[in-house]
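The values are calculated or read from the model by the stated rules, or taken from the named source; none is laboratory data. Predicted model only: the values in this text are computed from it and were never measured. Ideal geometry is used to build each Cβ from the backbone, glycine not excepted, and the neighbour counts take in all protein chains shown. Keep in mind that these areas ignore ligands, DNA and RNA; they rest on the heavy atoms of the full protein, side chains included. Shrake-Rupley method; radii C 1.70, N 1.55, O 1.52, S 1.80 Å.
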Amino acid sequence: MAYKPYNSFSIAQTQFDGAAKILGLDEATSDLLRNPMREYAFAIPIRMDDGKNCIFRGFRVQHNDARGPCKGGIRFHPQETQDTVRALSMWMTWKCAVVDLPLGGAKGGVICDPHNLSDHEQEQICRGWVRQMARNVGPNTDVPAPDVMTTPQHMLWMLDEFEGITGAKVPGFITGKPVGIGGSLGRTEATGYGVIFTVREALKDMNIRASNTTASVQGFGNVAQHAIRLYEQLGGTTVCVSCWDQKDRTSYAYHKADGIRIDELLSIADRFGGIDKTRAADLGYEILSGDDWLKQDVDILIPAALENQINEENVNDISARVKIIAEGANGPTTTGADAVLRARDLVVIPDFLANAGGVTCSYFEQVQSNMNYYWGKDEVLGKLDSKMTAAYLSVSEMVRKRKLYMRDAAYIIAVDRVARACRDRGWV
Ligand code: NAD
């Protein structure tokens, strides 16, 4: 992966400072909320398959738990840093608050590359992470989940270690578990569907029918695939998707003027969301440079891959036709690019609102696991739609009432909820 020139934590703090200023937060509240409440950084010693010992670095950052137990994923990534984890933990606090979940925000990670580790080595890392953190996580304190390069299998190893340590069955300790062993139906679709529930409401606000719109998407992984599918069901046409090509070590965009076919592309994609370029060309897709997803003459852009993808260098390439940018990825827009977007007449549905479907469904999983009683898929997706729609409507009402940029409106609602909880508890 390319070197990241932006520091996600300073972006998260700058975004928070803007909201704190609009809300007129006092110094103590700002000081509390612009930094995490607790941070853990630790070593995870592993005996590798070849008999050598290796030390991996693990993290957990609990940003704020005034509204309830912390919630947030664990990523495995070779470029993981404590600052990335800090930023993501802060975004989790706002994400849970904006959808009004009774949860706080956290994030975790391990510096490692699962591509180069055997299943047994990955299992040891999962179990080692839990051994280090078992005293400070749990169903009533901090509930982990999968994130980049972690899977339901990793969650199950973590649960098994936690249950071994605590001597009890506690499926509510962790979410993103396999369906049938404490997982929730609907979790796979939840984030992508959630993105489109917000897009659907934004289109209604603008009096535009989805069937008259086109979209371009960055990424073809979990979020992008389900977003494209639901958008298609609403009648929309996705004309371009981009993804990473592991073989060529670069990204490409795949374009079809009359609309990509999701099932066709899924049949030639690998499990990491990489599309086979040669077979795509055979199917009539135009192969463009990876950055071209952003330059398409469409109504809706959905960045659903990585951070910092809309930045100062490319923000002016966005077509004048674009009306909505729905941030499926976490932190896809840099602060500088955001300043350009807010000066334009388009709706940016901010990441922590647009992609909150994932944590909302994780919360549903937590609730089901704690009851040890599981709902049907329609029930889960129906509840998800209600939560996401209500969250979008409260933010769009704030946009109209106070004539705010949508990111600011979402921040104000979220930060205000968390600040109130801290004040009511007597912390500030
Ligand atoms: P994923 O690993 O399933 O898919 C990532 C996709 O991005 C792949 O198709 C990959 O090829 C593509 N990609 C990677 N580098 C790229 C590049 N330089 N240019 C274009 N495409 C590139 O990941 P995901 O679960 O879909 O998550 C995507 C984003 O959404 C991440 O920012 C993640 O943090 C965020 N997110 C995910 C969830 C979730 O439930 N999965 C929830 C909230 C937020």
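Over the heavy atoms of Ser10, what accessible area does a 1.4 Å probe trace out, to the nearest 10 Å²?
60
If I compute solvent accessible area with a 1.4 Å probe over the protein chains, what percent of it on the chain is carbon and sulfur?
Carbon and sulfur atoms account for 49 percent of the accessible area of the chain.
For the stretch 184-428, with every protein chain kept in place, what is the accessible area per residue (1.4 Å probe, Å²)?
Heavy-atom accessible area per residue stands at 41 Å².
Choose one of Val415, Val179, Ser8: the residue whose Cα lies farthest towards the positive end of the charge dipole of the chain (beta-carbon charges +1 Lys, Arg; -1 Asp, Glu; about the Cα centre).
So the residue we want is Val415.
Please state the shape class of the stretch 232-357: rounded when a/c is under 1.5, otherwise prolate if a/b exceeds b/c and oblate if not, all from the C-alpha gyration tensor.
Note, shape of the stretch 232-357 comes out prolate.
Once you've got the GNM for the chain with C-alpha springs shorter than 10 Å, pick whichever of Asp416, Asp299, Asp345 has the biggest mean-square fluctuation.
Answer for the Gaussian network model of the chain: Asp345.
Report the residue, chosen from Pro350, Pro152, Pro45, that carries the largest GNM mean-square fluctuation when the chain is represented by alpha-carbon nodes joined by springs under 10 Å.
Pro45
Just the accessible area per residue of the stretch 24-109, please: how many Å² with a 1.4 Å probe?
Per-residue accessible area for the stretch 24-109 comes out at 34 Å².
When you count, for each residue, the other Cβ atoms within 10 Å and take the mean per peptide, how do 154-167, 190-203, 72-85 rank with the highest first?
By packing density, highest mean first, the sequence is 190-203, 72-85, 154-167.
So which GluC sites (Glu not before Pro) in the stretch 277-317 are both in a DSSP loop and have at most 15 other Cβ atoms within 10 Å of their Cβ?
Taking the stretch 277-317 and a limit of 15 other Cβ atoms within 10 Å, the loop GluC sites (Glu not before Pro) found are Glu312, Glu313.
In the stretch 263-368, which trypsin sites (Lys or Arg not before Pro) are in a loop and have at most 15 other Cβ atoms within 10 Å, using DSSP for the loop call?
Arg271, Arg321, Arg344
Compactness ratio of the chain: Cα Rg over 2.2 N^0.38 Å, N = residue count?
0.94
Report Rg (one decimal) and Dmax (nearest whole number) for the stretch 184-428, counting Cα atoms only, units Å.
Rg, Dmax (Cα atoms, Å): 18.3, 64.
At 1.4 Å probe size, what's the solvent-accessible area of Met37? Round to the nearest 10 Å².
60
Starting from the Cα gyration tensor of the stretch 322-399, take the square roots of the eigenvalues, sort them a ≥ b ≥ c, and report rounded, prolate or oblate (rounded when a/c is under 1.5, otherwise prolate if a/b is larger than b/c, else oblate).
Verdict is prolate for the stretch 322-399.
Just to be sure I understand: with springs between alpha-carbon atoms less than 10 Å apart, which residue in Ser251, Ser267, Ser369 has the highest mean-square fluctuation in the Gaussian network model of the chain?
Looking only at Ser251, Ser267, Ser369, the biggest GNM fluctuation is shown by Ser267.
For the stretch 152-206, what ratio Rg/Rh do Cα atoms give with a Kirkwood hydrodynamic radius?
Ratio of gyration radius to Kirkwood radius for the stretch 152-206: 1.25.
With a cap of 10 neighbouring Cβ atoms within 10 Å, and only residues DSSP puts in a loop, list the trypsin sites (Lys or Arg not before Pro) found in the stretch 357-417.
Lys403
Can you tell me the mean projection area, over all orientations, of the convex hull of the stretch 35-183's alpha carbons? Units nm², please.
Seen from a random direction, the Cα hull of the stretch 35-183 projects 8.5 nm² on average.
Nearest 5 is fine: what % of DSSP beta bridges in the chain come out antiparallel, could you say?
50
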